[in-house]
Amino acid sequence: MDRSEALAFVQPHLTKSRFEHTIRVTDTAIELAKIFDASIEKAELAAVFHDYAKYRDKEEMRRWIEQEYLPKDLLMYHHELWHGPVGALLVKREIGLGDPDILNAIRWHTTGTAHMTILDKVIYLADYIEPGRSFPGVEEVRELASEDLDAACFEAAKNTISFLMSKNQPIYPDTFHAYNHFINVLVKKNWRQQNGKVGK
Ligand code: GDP
Ligand code: FE
Ligand code: FE
């Protein structure tokens, strides 16, 4: 499936501004995929479909979570978190896109999780830093994003958690798992650098 075909599938499901966001996420994801050597074709499709379920009716999403093999604990958290996992399910069922790499990237794009693939991180980050985003801290993440994918994801996870805590919002466990994973990765990387070990 090429980009224009994919965009034609998502457009009816999105508002104009969400569709424009999707295009910016797609361009950003392709740039990141080039830098960090992820599949450009998969990054493009995952980005186009990442918010596919964003405007699904809340009760419909609730039913998908109840009926399908999706984590039930999602139901105890804000419905904003549902469109990633439900989106991955619906992109498979309704569009017939079965690539597990693409579906996982869609699934985790909002919360992140531990042990994300490069593609997962590219989509997580592209959604966070696309040029239309202008919240505090985004510029720092943009700068890191061209150098160190893990450091950029760490900053994004940290900012998200700080923001949610400042609003007294509940935080989904995978959002914390992402944060904890990335801080461990960064500590290991720093240790290797300080001890003269080369490589990632
Ligand atoms: P969008 O779909 O392009 O608007 O972006 P996202 O899918 O990344 O995020 C939607 C919202 O979910 C953002 O406002 C995030 O701050 C929020 N979010 C991310 N992680 C969590 C979490 O663990 N708990 C809650 N309540 N919100 C979260
Ligand atoms: Fe989203
Ligand atoms: Fe998005």
Filtered residues of the stretch 31-60 (kept if open to solvent by less than 50 Å² (accessible area, probe 1.4 Å), away from ligand 3 (no atom under 15 Å from the Cβ) and assigned to a helix (DSSP H, G or I)): 33, 36, 60
Residues (among the polar types (S, T, N, Q) and either on the phi > 0 side of the Ramachandran plot or within 16 Å of ligand 3 (Cβ to nearest atom) (or both)) located in the stretch 109-124: 110, 111
Residues satisfying the stated conditions in the stretch 131-189, i.e. free of Cβ contacts under 8 Å to residues at least 60 places away in the same chain and in a loop (DSSP other than H, G, I, E, B): 133, 134, 135, 136, 137, 147, 148, 167, 168, 171
Within the stretch 135-150, considering residues that are among the small types (Gly, Ala, Ser) and surrounded by fewer than 18 Cβ atoms within 10 Å (Cβ to Cβ), the one nearest to ligand 1 (Cβ to nearest atom): 137
Index of the failed condition, residue 104 passing every other in (1) within 11 Å of the chain's Cα centre (by Cα); (2) crowded, with 23+ Cβ neighbours inside 10 Å: (2)
Of the numbered conditions (1) open to solvent by 10 Å² or more (accessible area, probe 1.4 Å); (2) within 11 Å of ligand 1 (Cβ to nearest atom), residue 25 satisfies every one except a single condition; which is it? (1)
Could you tell me which of the residues 149, 119 is closer than 19 Å to residue 30 by Cβ and either touching a Leu at 6+ places or on another chain (Cβ under 9 Å) or charged (D, E, K, R) (or both)? 149
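The values are calculated or read from the model by the stated rules, or taken from the named source; none is laboratory data. Bear in mind that the values here come from a model prediction, so they are computed numbers and not experimental data. Neighbour counts run over all protein chains shown; Cβ positions are idealised from the backbone, glycine included. Note: accessible area is taken over every heavy atom of the protein model, side chains too, but ligands, DNA and RNA are not part of it. Shrake-Rupley method; radii C 1.70, N 1.55, O 1.52, S 1.80 Å.
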